[in-house]
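Worksheet: the structure to be examined is printed underneath.
Readers should treat all values here as calculations from the given coordinates under stated rules, not as data from a laboratory. Worth saying up front: this structure is predicted, and the values here are computed from it rather than measured. Note: ideal-geometry Cβ built from the backbone for every residue, glycine included; neighbour counts use all protein chains shown.
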Amino acid sequence: MARCRLSSIAKQLVCDLSDRLASAGQGQTVTIAKQWYAEVTAKSGKANADSAYRLYAMICGAHADGRESGRKNSGSMISATTAIIHQSEATMQRTVINSSGSGNIINVAELMEGVTNTVNQNIGKSAAAPEQKAILEDMVKLIASVSPKIDPTVAKQLGDDVVTLSNEMASASPRKKWYELSLEGIKDAAVAIGDAGKPIVETALKLAPLVGVLLQSK
Amino acid sequence: MLFIDFVSLADRYPDMGAVWIALAEWSKDHSQVSYIVPHLVARDLAKIVPEELNRAFDILVEEQSYAQVYRVLNPSTLTFLPGAWESLTDVPDRIPDRWNMLIDTADAQIIPVLVKNG
């Protein structure tokens, strides 16, 4: 495998990590990354290890978003990094842009379209009380509207939880525990995004007693 | 809200003006975020060379306003699992998700995240 031809210490560390991960077998990715991190910390200090790992994550940003299995993710992460680190500065940015595929978590609009469709379908087939359905409908609209402005991972979490909630509402025998977990998840994620999440928290608090769940307001 | 004084940073690190401006704009466009996921910012700010952006993040950490922690993405849902660790080596082999199912982290994606101190 071609070695890196880079100058800065951080980039050399990134190359080293990339080279090591290129030969990682299934289930070894994190072990190897931890080993690399421990070595760098011992040799150059924690700050440098943190910085180099951060740069690695930034350069191969696609690795955090792939929807493939763990091993495939590792592979794509490595090839993305390897491709980037052997390029000139001028072409580096283009590669980073290209690493963002349409199947990524980052495509919040697409994600929310799917969430809204699923929830609306579930509302359609649910035998729940009209008031419950109306609140759920409001909730998914609020989540869809706030999602483009927040961290995509939080948007995904909100989307997953509202789908779970709607699945349960559409079920012939809804399980209270699932209502509880999904409503808690929605409330926690909405609280974490601050003011923008307040209307979502309110809908969760409004819906909770109607489905027999005790949700703390704070 | 990230509560970062970009004006002061631009004054003290004038050679990085373009990075601070880009970060300030990003911060304004993402006023609801309370922590930074560097690789997502890098993707949004593709015009900025990753090394320069990383240097800006180094400064945020060095000046004690932010700390780097490590979080793990659930391989199935691609959402963060509960928990954050100060060091990559501290990330456990298994992490319970919100449903108390143990998730193996052997091939999981471990993401550096910058959180505000205090």
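In table form, for the structure just shown:
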{"read-out": "Count - residues of the range B:76-103 that are touching a Lys or Arg at 6+ places or on another chain (Cβ under 9 Å) and within 8 Å of chain A (Cβ to nearest Cβ)", "value": "8"}
{"read-out": "Selected residue (criterion: farthest from A:Ala109 (Cα to Cα)) from residues of the range A:164-179 that are away from chain B (no Cβ under 11 Å) and assigned to a helix (DSSP H, G or I)", "value": "A:Lys176"}
{"read-out": "Among the candidates A:Val191, A:Val154, A:Val201, residue that is closer than 21 Å to A:Ala109 by Cα and either touching a strand residue (DSSP E or B) at 6+ places or on another chain (Cβ under 6 Å) or assigned to a helix (DSSP H, G or I) (or both)", "value": "A:Val154"}
{"read-out": "Residues within the range A:124-162 that are more than 10 Å from chain B (Cβ to nearest Cβ), surrounded by 19 or more Cβ atoms within 10 Å (Cβ to Cβ) and among the hydrophobic types (A, V, I, L, M, F, W, C), tallied", "value": "9"}
{"read-out": "Tally of residues being in a helix (DSSP H, G or I) and either hydroxyl-bearing (Ser, Thr, Tyr) or over 12 Å from A:Val162 (Cβ atoms) (or both) across the range A:118-128", "value": "4"}
{"read-out": "Set B:Ala67, B:Ala84: member being of a type in the set (Gly, Ala, Ser), surrounded by 14 or more Cβ atoms within 10 Å (Cβ to Cβ) and in contact with a helix residue (DSSP H, G or I) (Cβ under 7 Å, 6 or more places away or on another chain)", "value": "B:Ala67"}
{"read-out": "Residue selected from the range A:163-197 under the condition farther than 23 Å from A:Ala128 by Cβ and of a type in the set (A, V, I, L, M), by the criterion surrounded by the most Cβ atoms within 10 Å (Cβ to Cβ)", "value": "A:Ile193"}
{"read-out": "Near pairs, Cβ below 9 angstrom, 6+ apart or cross-chain, from the range B:58-71 (free of Cβ contacts under 8 Å to residues at least 24 places away in the same chain) to any residue that is surrounded by fewer than 18 Cβ atoms within 10 Å (Cβ to Cβ)", "value": "B:Asp58/A:Ala47; B:Glu62/A:Ala47"}
{"read-out": "Inter-residue pairs, beta-carbon under 8 Å, first free of Cβ contacts under 8 Å to residues at least 60 places away in the same chain and in the range B:10-36, second outside any helix (DSSP H, G or I) and aromatic (Phe, Trp, Tyr), 6+ apart", "value": "B:Trp20/B:Tyr13"}
